[in-house]
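Before any comments, here is the structure.
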Amino acid sequence: MSAVWRAARAALRRRKVQSAALGIVVFSSTLAAMVSLGLIEASSGPFDRAFARQHGAHVTAVFDPAAVSAAQLARTARRPGVQAVAGPFGQTTLTVPDGDPNLAPGPLTVVGRGDPGGPVDRINLWAGRWATRPGEIVLNRPDDPPIFGQDLGLALTFTGGSTFTVVGLASTVSQTAQAWVSPGQMAALRPASLQVLYRFTDAATDTRIRTGLATAVADLPAGSLLAAQSSLTLKRDHGRGASAYLPFLAAFGILALVVAILIVSHVVSGAVVAGWRNIGVLKSLGFTPNQVVSVYLAMVLVPTVIASLAAVAVGGLAAHPLLRTVSQGVGDADLATGLSPWVYAVTLPGVPAVVILAALIPALRAHRLPAALAIGAGGASRTGRGRRVQRRLSGARLPRSVSLGLGLPFARPARSLMTLTAVALGVTAVTLATGLSSTMIAYGQASQRAGLVHTLIHAGQPHTGQTVPQHGDAEIETLLRGLPGAHHVTAVTWMELHLAGYPQPVRAQFLRGDWAATSQTVIHGRRPTGPGEAVATSPFLDKRGLRIGDRLTVTHNGTQTPLVIVGQTMDGHPDMIQADWRTLSGLAPDRKATQYEVRLTPGTDIGTYNNAVKTADPGLFPSAAPQVNTDTVAVIGAATTLTLLLGTVAALGVFNTVVLTTRERRRDLGMLKSIGMTPRQVTTMVVTSMAALGTAGGLLGIPVGVVAHHLTIVAMTGAAGIVLPPSMTDVWHIPALALLVTAGALIAVLGALIPARSAARLTIATVLHGE
Amino acid sequence: MTTRDSSGQAVVRLEAVHKEYGTTKALDAVTLQIRAGEAVAVMGPSGCGKSTLLNMVAGLDRPTSGTVTVHGQNLGELTETGLALFRRRRIGMIFQFFNLLDDLPALDNVALAAQLTGSTARQARARALELLDELGVADRRDVYPAALSGGERQRVAVARALMNRPALLLADEPTGALDSRAGEQVMDLLMDLNQIGQTLMIVTHDPQLATRCASRLIEFADGTVVAENNLERTP
């Protein structure tokens, strides 16, 4: 065994606590680094990655089967610039009737496809099996078993009476269909069109995609191409939902990475500086400077390598569910692919590299130091740094243990600065997370109308085989109001309207009754108070260049009615308006409500009320309204996990500082105990020293966290196309800020407590007579 | 400086004190007394247990068996906090390597002992200055330990030890790290203290220190008292 290795092993044995602390810090930091790199990866081009993985379609083209044959379409695969083709697949539209309990009412695009694979659009069949027989259907659902897994096995009845059983659940980033059936079943449904999926050799821009498609279909009869959907359009639409969360993911990822690197550097350089004295001893024994450096690198690398390997193994397992949760929150579980190999490739050598670098700088300084100086360098500061502060504190009207503790950080200003930065970043993370949580909870509750609507009651529809209500529309509303516990009742129906001057239809929600008490937050303007008034979402107005006060004309079955936009709602749907029922009376006087929303009086049991509804009219189908927004829960969950991780890493940084400081100051601690300092006073002194840094870290970290919160919210709302009212963004109040200051102190105190108590138990006799 | 009552009552009483570290016996059935106003020197070869004995008396360590009573208090009955409070009120300690806090000037090092008992900074500094003046180092009150000579440091350490008017002053090789001239000064100081009634227990290798400062010599070997002699102090 070489002398270097022998000395390194001896150093490791002598510094068990410090080696363990280093191992824990490296473990936590590696874990944080892996998760943060995973988050950064998840937040950078998730659509592109999922698109590449599924060999997404650059263009989903729909052709008229009366104008072009399948053979002609197949020949387009050989056109210049076409990389791959899938199809032609039969495509048709089934209609989901109003009031369907499982699917949103309206058209459902169905494609006949023999299997989910192929050269283009490799569909992710995440539950069940592919549809192979008549009467079987596969639904397009996000890969989220807890929420959508229950759809498997459902029997679906569409307008016209056709019935299907859901045999599989699948998702596609190309959004080529809302459901799939077997080609045989499609033939029986008589496809209205043919779908062909193209991948081009150059699809970087809208123009190139248009050129690629034009080249591919150049030989086809004119007018045979009915519609085409570009992947770039899909990507932009996808951005509306997913991009909202990406700034949040990126912010946390970068924060975690910085904290991890900082703490590892702090701990390692501290460990080597603490060993300078021993470096001097080794030199005096005849170790060459290079051998000494090798000893100290080996000393820090052994726990580092062990901890890194363990963390990479644990991180690989732990990061996937976290990223999956986050991706579900982002709205597309397909984006969760686990950690990419590059994350392992970067982290595994990366953290030890940071350790080597952090160790090398002080070790090289020791390398240059003469042995005698190195021997003298390990003790407490003798240069008088911070003496002025100590002197002032010694005259302060504070318990002496407290004033001594307040002065301790000034003895090692560089180390204290590192600790301060670690705590400040920890507090920044806590501030950002609590701010985002507050905003997200408020947004989630408002968008979910938590507390405003407790139960949703569907009126049974005959075409779906449901029992029809015994009461008429107005009678149902009266009935619901009369049941015990009802506080507010709103009748609702949806209708597709055409907006004069705009090609795309809009979706209008008409409300009757107490909708001022049950509907969404209006962030600008006011709610409609009579016929001819509507509120619209922010993206609706942006998309059409409209403002509050602008006048519109809507049409339904040839009947026109004017509308004035009187308010702007918070939601992000780009084609949605809300209007009073009296507006509907002018467009479709016979229209009935398909759903009733009920807000209950405080203390009323939702189940009891729903049972009363069912008893009063078996044709009514009540269900408790969700009070929790799943996206919000996912984001808050991720923020909490990362905050705990960052808080722990920051506390470990403090722990390390205290271990180093108390080791260096053993003699001083022993002397203080010998002149009557009680164990509690020792603990108070050491904890105070870190609590002071923690409080300072809190005061520094809070403004950074508040700014980070503001920037993240601006980026999130901008990406999602929503506008939040100030009540949701101005989440900082004096009590909350005061609590956050204590978060810094808490991180510091938690990190300091164990080594402080250990210092309090120091055996004085050993310390004082061991010189 | 405060004078002491030399009534002859036992300030320190050890009865059948044993101390073992694993299989090593550091103290073996030690029984001894130190009366108020006495100056006792404990001498013996390295590793004989004399520092362990000092630790027992100071309440820095606990015996494996036997009782240690100082100023009427059985130290075995005290908790760690109780021992700290006991040391604060009853014991003053002087160390070979002074053990001053490097970040505090001489005055604040001395005042520290009183501040720990709850004295205000003003009161503590006034008392500390008084002691530094009596020990001849008042002019060095604002100097940090690193800039003090060995003798000055030990005088500051003595001042700190006397700060709370201890019943017993314990000195562990107080001249061990000093040159001969500084050692002489410290010896004179200890002798002066004893002459005005301060009870002293000195652990030393230095026969000159023992004969000059102590009125009684306890010889230690293999963890036990092997001889006890009253001394005529040499001038």
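The values are calculated or read from the model by the stated rules, or taken from the named source; none is laboratory data. Here the structure is a predicted model, which is why all the values come from computation and not from measurement. Neighbour counts run over all protein chains shown; Cβ positions are idealised from the backbone, glycine included. Heavy atoms of the whole protein, side chains included, go into the accessibility calculation; ligands, DNA and RNA do not. Shrake-Rupley method; radii C 1.70, N 1.55, O 1.52, S 1.80 Å.
Only residues that are more than 21 Å from B:D188 (Cα to Cα) and open to solvent by 40 Å² or more (accessible area, probe 1.4 Å): list them for region B:204-223, please. Correct list: B:E219, B:D222.
Assess whether A:L762 counts as being closer than 27 Å to A:L693 by Cα and either more than 14 Å from chain B (Cβ to nearest Cβ) or at pLDDT 80 or above (or both).
Against the criterion (closer than 27 Å to A:L693 by Cα and either more than 14 Å from chain B (Cβ to nearest Cβ) or at pLDDT 80 or above (or both)), A:L762 does not qualify.
I need a count of the residues in region A:202-246 that are open to solvent by less than 40 Å² (accessible area, probe 1.4 Å) and at pLDDT below 65. Working first, answer last.
As a first pass, look at region A:202-246 and keep what is open to solvent by less than 40 Å² (accessible area, probe 1.4 Å): A:203, A:209, A:212-213, A:216-217, A:220, A:224, A:230-232, A:234, A:239, A:241-246.
Checking the rest, the ones that are also at pLDDT below 65 come to A:239, A:241-246.
Looking only at that region, the number is 7.
Taking into account only those residues within region B:115-171 that are open to solvent by less than 60 Å² (accessible area, probe 1.4 Å) and of a type in the set (D, E, K, R), which is nearest to the other protein chains (Cβ to nearest Cβ)? Per the stated criteria, the residue is B:R160. Region B:99-183 holds helices (runs of 4 or more DSSP H) entirely within its bounds, and those carrying 3 or more residues that are touching a strand residue (DSSP E or B) at 6+ places or on another chain (Cβ under 9 Å) and among the aliphatic types (A, V, I, L, M) map to B:150-162. Among residues of region A:1-57 being at pLDDT 80 or above and part of a loop (DSSP other than H, G, I, E, B), the one that is most open to solvent (accessible area, probe 1.4 Å) is A:H55.
Restricting region B:73-107 to residues that are at the interface with another protein chain (Cβ under 8 Å from one of its Cβ atoms), surrounded by fewer than 24 Cβ atoms within 10 Å (Cβ to Cβ) and among the acidic types (D, E) leaves a set whose member that is farthest from B:L54 (Cα to Cα) is B:D102.
Is at least one residue of region A:173-192 surrounded by 21 or more Cβ atoms within 10 Å (Cβ to Cβ), of a type in the set (A, V, I, L, M, F, W, C), more than 37 Å from the chain's Cα centre (by Cα) and part of a strand (DSSP E or B)? No; the residues of region A:173-192 include none that is surrounded by 21 or more Cβ atoms within 10 Å (Cβ to Cβ), of a type in the set (A, V, I, L, M, F, W, C), more than 37 Å from the chain's Cα centre (by Cα) and part of a strand (DSSP E or B).
For A:T493, the criteria (1) of a type in the set (V, I, T); (2) at pLDDT 90 or above; (3) open to solvent by less than 30 Å² (accessible area, probe 1.4 Å) hold in every case but one, which is (2). For region A:555-566, does any single residue satisfy the condition of being under 22 Å from A:R449 (Cα atoms), of a type in the set (A, V, I, L, M, F, W, C) and either outside any strand (DSSP E or B) or in contact (Cβ under 8 Å) with a residue 60 or more places away in the chain (or both)? Within region A:555-566 (the criterion being under 22 Å from A:R449 (Cα atoms), of a type in the set (A, V, I, L, M, F, W, C) and either outside any strand (DSSP E or B) or in contact (Cβ under 8 Å) with a residue 60 or more places away in the chain (or both)), the answer is no, since none of the residues qualifies. With respect to (1) open to solvent by 60 Å² or more (accessible area, probe 1.4 Å); (2) in contact with a helix residue (DSSP H, G or I) (Cβ under 8 Å, 6 or more places away or on another chain), the lone exception for A:S162 is condition (1).
Can you report the number of residues in region B:54-72 which are more than 11 Å from chain A (Cβ to nearest Cβ) and either in a helix (DSSP H, G or I) or open to solvent by 10 Å² or more (accessible area, probe 1.4 Å) (or both)?
Keep residues of region B:54-72 that are more than 11 Å from chain A (Cβ to nearest Cβ), which gives B:57, B:63-72.
From what is left, the residues that are either in a helix (DSSP H, G or I) or open to solvent by 10 Å² or more (accessible area, probe 1.4 Å) (or both) are B:57, B:63-67, B:69, B:71-72.
Matching residues across region B:54-72 total 9.
Somewhere in region A:587-604, is a residue part of a helix (DSSP H, G or I) and either on the phi > 0 side of the Ramachandran plot or open to solvent by 30 Å² or more (accessible area, probe 1.4 Å) (or both)?
Pass one, region A:587-604, residues part of a helix (DSSP H, G or I): A:587.
So of that shortlist, the ones also either on the phi > 0 side of the Ramachandran plot or open to solvent by 30 Å² or more (accessible area, probe 1.4 Å) (or both) come out as none.
No, region A:587-604 contains no residue that is part of a helix (DSSP H, G or I) and either on the phi > 0 side of the Ramachandran plot or open to solvent by 30 Å² or more (accessible area, probe 1.4 Å) (or both).
Only residues that are in a strand (DSSP E or B), away from chain A (no Cβ under 14 Å) and either of a type in the set (A, V, I, L, M) or without any contact (Cβ under 8 Å) to a residue 12 or more places away in the chain (or both) were counted across region B:25-41, and they come to 7. In region B:31-49 there is at least one residue matching the filter, namely being modelled with pLDDT of 90 or more, surrounded by fewer than 22 Cβ atoms within 10 Å (Cβ to Cβ) and among the polar types (S, T, N, Q). In the set (1) buried (at least 21 other Cβ atoms within 10 Å of the Cβ); (2) charged (D, E, K, R); (3) free of Cβ contacts under 8 Å to residues at least 12 places away in the same chain, A:R141 fails one condition alone, (3).
If a residue has to be buried (at least 17 other Cβ atoms within 10 Å of the Cβ) and either more than 26 Å from the chain's Cα centre (by Cα) or free of Cβ contacts under 8 Å to residues at least 12 places away in the same chain (or both) to count, how many in region A:731-745 make the cut? Result for region A:731-745: 1. If the condition is being more than 7 Å from chain B (Cβ to nearest Cβ) and not basic (K, R), then region A:665-680 contributes A:L669, A:G670, A:L672.
Each residue in region A:371-390 was checked for being open to solvent by less than 70 Å² (accessible area, probe 1.4 Å) and either at pLDDT 55 or above or touching an Asp or Glu at 6+ places or on another chain (Cβ under 9 Å) (or both), and 11 of them qualify.
Note on region A:668-722: residues that are within 30 Å of B:R88 (Cα to Cα) and crowded, with 20+ Cβ neighbours inside 10 Å amount to 24.
Inspect all residues belonging to region A:534-543 and state whether any of them is assigned to a helix (DSSP H, G or I), open to solvent by 30 Å² or more (accessible area, probe 1.4 Å) and more than 26 Å from A:E475 (Cα to Cα).
Looking only at region A:534-543, we keep the residues that are assigned to a helix (DSSP H, G or I), and these are A:538-543.
Filter once more, keeping what is open to solvent by 30 Å² or more (accessible area, probe 1.4 Å): A:542-543.
Adding the requirement that they be more than 26 Å from A:E475 (Cα to Cα) leaves A:542-543.
Yes, region A:534-543 contains at least one residue that is assigned to a helix (DSSP H, G or I), open to solvent by 30 Å² or more (accessible area, probe 1.4 Å) and more than 26 Å from A:E475 (Cα to Cα).
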